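J.: Shown below is the structure under consideration.
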Amino acid sequence: MDKKRNLAQEDMTTLVKETTLKDRMMSLFDEKQTLIARYDTPYIAKCRQEAFAHFKMLGFPHVKLEKWRGTDLTHALNLDYAQYLEPFQHDIDVENLFKCEVPNFETFLVTQLNGWYTYRTYALRTLPNGIIIGSLAKAFEQYPEIVNKHYSHYADDSSDGLVALNTAFAQDGIFIYVPDNVVVSDTIQMVNIIDYDQNLFVQARNLIVIGKNSKLTLVQCDDSIDHRVSFINSVTEVSIGENASLDHYKLQNKDEQSTLVNTIFFDQMEGSQLSSNAISLNGGIIRNDTRVRFDGPNCQANIYGLYLMDKDQHIDNQVFVDHAKPHCESSELFKGILDDHASGVFNGHVLVRKDAQKTNAYQNNKNILLSDKAVIDSKPFLEIYADDVKCSHGATVGQLDAEAMFYIRSRGISESNAKMLLMYAFAAEVVNKITIPELRQRIDDMVKKRLRGELSACDQCVLHCSSQEKKVKFKIDMSKI
Amino acid sequence: MLSIKNLHVSINGKEILKGINLEVKAGEVHAIMGPNGTGKSTLASVIAGREVFEVTEGEISFKGKDIFSLSIEERACEGIFLGFQYPVEIPGVSITNFLRTAVNEQRKYRGLDAMPAAEFLAKMEEKKALLELNTKLTNRSVNEGFSGGEKKKNEIFQMAMLEPMLSILDETDSGLDIDALRIVATGVNKLRRPDNATIIITHYQRLLEYIVPDVVHVLFEGRIVKTGGKELAVELEEKGYEWIKKEI
């Protein structure tokens with residue numbers, strides 16, 4: 001309530017300042033168009049111009065939009081940011097920054113530094129089994145038949161200002177193409193690093209195309225090295241082919257100066273499977289916008305999320321599942337613990353279209369609030385136009401169970417450890433959905449550390465940045481893919 | 001070991017216990033019997049430290065210490081164990097993990113090092129065998145999806161692992177079939193030692209056929225109205241609680 005009043009009072013100034021950043025973005029686009037579009041093919045140039053027109057119309061999102069009611073970007077949009085419009089010149093050895101902290105966990109690592117794909121020798125590689133992996137900018141030019149078929153086809157920029165802004169400015173990012181009938185045995189790990197000595201606005205863009213009957217595991221990490229303010233506006237498009245399957249994880253452990261809007265579009269063809277799990281452990285403002293569209297029958301999508309937030313951190317999970325075709329199943333489970341002044345939003349929207357008979361859709365959001373200052377706005381929402389469907393939704397907000405606390409303490413376990421045990425047990429339901437045992441173990445440890453207050457923003461899932469001597473060379477074994 | 005003097009307890013302004021006096025010595029088994037709603041479970045909860053109750057008068061000392069100055073967990077570490085009438089389900093926490101945490105926190109309180117993993121596992125195996133507990137049960141979450149009998153066996157299993165000085169078993173016999181009752185009773189009997197004590201809270205005399213008490217108390221309307229030997233339980237079973245009502 002208080003929050004709303006403040007917003008109303010600030011409305012005038014807010015609008016003026018928002019326009020300012022929008023204006024700056026627009027003049028930047030006009031002035032630097034040649035530079036921004038230097039890797040464009042005619043198709044990309046067309047997407048860019050259309051998206052720019054949309055951004056001009058839509059501007060930045062604000063709290064008066066229904067989908068943005070709970071997440072206020074005013075402060076983040078009030079700051080000055082630099083944008084990197086040329087390939088990032090870095091003298092640091094990015095590969096050397098990484099240390100895979102997950103024992104026995106073989107990953108193929110691809111990195112973005114301030115939005116730009118980082119590499120030593122090849123901007124784009126084709127591996128023996130036909131997987132193409134590397135820089136999106138290079139893919140524009142080298143693989144127009146793939147890019148033109150998928151790029152900007154799923155990311156709708158006509159109704160979302162940030163997606164429009166991303167498409168208008170996107171220059172590079174990660175491109176992954178898995179041909180038909182390939183099971184990618186190693187996990188591909190995409191790490192998005194921000195390291196700069198000024199406030200930075202990053203338009204990260206990724207395109208992932210998975211062919212028929214193929215299988216891919218993807219871990220998407222959002223990390224930041226420097227403690228400068230950053231705004232990451234990330235858009236990822238994923239096409240999952242017929243009977244293909246994708247196991248997708250998002251790990252977010254950001255510093256509190258950062259704003260991260262991570263929008264991901266999954267397009268599923270007939271018989272495909274998706275499991276997506278977003279683990280948010282720290283961050284300033286994090287918004288995960290996950291949109292799934294079933295473009296064929298017999299698809300399945302499991303969308304999970306866990307968020308552990310405290311201090312003034314804010315988490316917003318938006319999920320939209322479009323049951324456009326019959327015989328598909330979607331299941332959502334989001335769980336969160338909020339302490340101090342932390343705030344959260346869960347907005348789950350399942351749309352079951354008229355012809356999507358035999359749809360199964362489940363939504364569940366469970367929250368524990370540890371302080372009376374923490375808030376959660378939970379809104380599971382079903383919109384159904386078919387008549388032969390099974391759908392359910394639920395949301396709970398509560399404190400730690402007093403009966404369980406008494407039971408645990410009566411065995412000699414201290415109050416603080418009893419709380420830990422209950423919080424951990426609450427989180428475990430989502431952690432246990434992780435199917436890679438080594439990754440599950442690692443996340444499990446991170447969750448425990450987070451709950452004990454021992455996880456810092458520098459204690460990353462994959463990289464260790466704190467001291468020189470601790471840096472271990474991360475080896476990529478190409479032969480394993 | 002346990003000394004309760006003139007204990008008065010209220011909840012939401014309503015007096016439940018109206019002056020309880022009870023002395024339990026090491027090596028003894030006491031049974032507290034009485035009809036439903038007379039304050040038996042309240043007494044057990046207050047000893048364990050449940051915070052919803054208000055102690056308005058009286059004192060409880062355990063091994064000479066005033067227990068009202070101790071937290072729930074400190075009482076447990078001092079050696080008080082409560083077997084719950086309705087054990088709580090804790091999804092996501094395995095029994096093994098739960099007990100290892102409990103055992104080691106109690107050891108820490110007593111100035112001991114954590115129990116080595118191998119020793120802990122061996123002890124678990126020994127106590128599981130004692131209670132004829134399904135070996136797979138301990139990998140499951142605490143009480144989650146357990147049958148009534150499994151929950152009660154799990155309470156006794158925890159008691160066996162924690163080796164308390166004073167065990168208070170609150171209606172442990174309720175909801176048990178005859179086989180489970182026999183197993184639970186055998187467990188309790190095997191765990192009896194000259195230096196520990198047990199308080200059995202029960203509505204029926206049935207459990208007392210297996211665990212023979214030294215002293216039987218009848219709790220009625222917040223007061224202990226009658227105390228006797230094991231024959232009192234038999235008499236109660238024959239005559240019913242109406243008999244007590246008439247006597248007072």
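The values are calculated or read from the model by the stated rules, or taken from the named source; none is laboratory data. Bear in mind that the values here come from a model prediction, so they are computed numbers and not experimental data. No Cβ is skipped: glycine too gets one built from the backbone with ideal geometry, and neighbour counts run over all protein chains shown.
Residue-wise test of (1) part of a strand (DSSP E or B); (2) farther than 19 Å from A:GLU403 by Cα; (3) of a type in the set (Phe, Trp, Tyr); (4) touching a strand residue (DSSP E or B) at 6+ places or on another chain (Cβ under 8 Å).
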residue	(1), (2), (3), (4)
B:LEU7	yes, yes, no, yes
B:GLU15	yes, yes, no, yes
B:LEU43	no, no, no, yes
B:ILE47	no, no, no, yes
B:ARG50	no, no, no, no
B:SER61	yes, yes, no, yes
B:GLN85	no, no, no, yes
B:VAL93	yes, no, no, yes
B:LEU99	no, no, no, no
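J.: Let me ask something additional. Within the stretch B:158-191, take every residue that is touching a residue at least 40 places away in the same chain (Cβ under 8 Å), within 14 Å of another protein chain (Cβ to nearest Cβ) and assigned to a helix (DSSP H, G or I) and give me the one that is farthest from B:THR42 (Cα to Cα).
T.: B:MET161
J.: Which one of these is surrounded by fewer than 16 Cβ atoms within 10 Å (Cβ to Cβ) and aromatic (Phe, Trp, Tyr): A:PHE346, A:PHE406, A:PHE381?
T.: Matching residue, one of A:PHE346, A:PHE406, A:PHE381: A:PHE381.
J.: Return yes or no: is B:GLY58 in contact with a Lys or Arg (Cβ under 8 Å, 6 or more places away or on another chain), within 18 Å of B:HIS8 (Cβ to Cβ) and more than 14 Å from chain A (Cβ to nearest Cβ)?
T.: Considered against the rule, which asks whether it is in contact with a Lys or Arg (Cβ under 8 Å, 6 or more places away or on another chain), within 18 Å of B:HIS8 (Cβ to Cβ) and more than 14 Å from chain A (Cβ to nearest Cβ), B:GLY58 comes out as yes.
J.: B:GLU59 fails exactly one of the following numbered conditions: (1) loosely packed, with under 13 Cβ neighbours inside 10 Å; (2) charged (D, E, K, R); (3) farther than 22 Å from A:SER414 by Cβ; (4) touching a residue at least 24 places away in the same chain (Cβ under 8 Å). What is the number of that condition?
T.: The failed condition is (1).
J.: Only one residue in A:VAL431, A:VAL447 is within 10 Å of chain B (Cβ to nearest Cβ), closer than 22 Å to B:PHE98 by Cβ and of a type in the set (Val, Ile, Thr), so which one is that?
T.: After applying the criteria, what remains is A:VAL431.
J.: In the stretch B:137-151, what residues are away from every other protein chain (no Cβ under 14 Å) and within 22 Å of B:ALA76 (Cα to Cα)?
T.: B:THR138
J.: Is it fair to say A:TYR143 is in contact (Cβ under 8 Å) with a residue 60 or more places away in the chain and more than 17 Å from A:GLU86 (Cα to Cα)?
T.: No: the conditions fail for A:TYR143.
J.: Name the one entry in A:PHE426, A:PHE406 that is farther than 25 Å from A:ASN253 by Cα, within 8 Å of chain B (Cβ to nearest Cβ) and either touching a Ser or Thr at 6+ places or on another chain (Cβ under 6 Å) or not basic (Lys, Arg) (or both).
T.: Only one candidate qualifies: A:PHE406.
J.: Looking only at the stretch A:219-240, filter to residues that are surrounded by fewer than 23 Cβ atoms within 10 Å (Cβ to Cβ) and over 12 Å from the mean Cα position of the chain (by Cα); which one of those is modelled with the lowest pLDDT?
T.: Checked the stretch A:219-240; the qualifying residue modelled with the lowest pLDDT is A:ASP226.
J.: Provide a single number: the residues in the stretch B:95-136 that are buried (at least 16 other Cβ atoms within 10 Å of the Cβ), basic (Lys, Arg) and away from chain A (no Cβ under 14 Å).
T.: 3
J.: I'm checking my understanding of the structure. Among residues of the stretch B:63-81 that are loosely packed, with under 15 Cβ neighbours inside 10 Å and not in a strand (DSSP E or B), which one is farthest from the other protein chains (Cβ to nearest Cβ)?
T.: Per the stated criteria, the residue is B:GLY64.
J.: Another question, if that's okay. Residues of the stretch A:50-70 being surrounded by 15 or more Cβ atoms within 10 Å (Cβ to Cβ) and either over 26 Å from the mean Cα position of the chain (by Cα) or over 30 Å from A:ALA342 (Cβ atoms) (or both), which ones?
T.: Scanning the stretch A:50-70 gives A:GLU50, A:ALA51, A:PHE52, A:HIS54, A:PHE55, A:LYS56.
J.: Turning to a different aspect of this structure: Kindly evaluate A:GLY211 against the criterion of being modelled with pLDDT of 95 or more and either out of contact with any Asp or Glu (no Cβ under 6 Å at 6 or more places or on another chain) or polar (S, T, N, Q) (or both).
T.: Considered against the rule, which asks whether it is modelled with pLDDT of 95 or more and either out of contact with any Asp or Glu (no Cβ under 6 Å at 6 or more places or on another chain) or polar (S, T, N, Q) (or both), A:GLY211 comes out as no.
J.: Checking A:ALA356 against (1) of a type in the set (Gly, Ala, Ser); (2) away from chain B (no Cβ under 14 Å); (3) without any contact (Cβ under 8 Å) to a residue 40 or more places away in the chain, only one condition comes out false. Which one?
T.: (3)
J.: Any residue in the stretch B:82-94 that is exposed (fewer than 15 other Cβ atoms within 10 Å of the Cβ), more than 8 Å from every other protein chain (Cβ to nearest Cβ), under 30 Å from B:ILE244 (Cα atoms) and modelled with pLDDT of 95 or more?
T.: no
J.: What is the residue count in the stretch A:385-401 for residues that are closer than 16 Å to A:ALA427 by Cα and out of contact with any Pro (no Cβ under 7 Å at 6 or more places or on another chain)?
T.: Looking only at that region, the number is 6.
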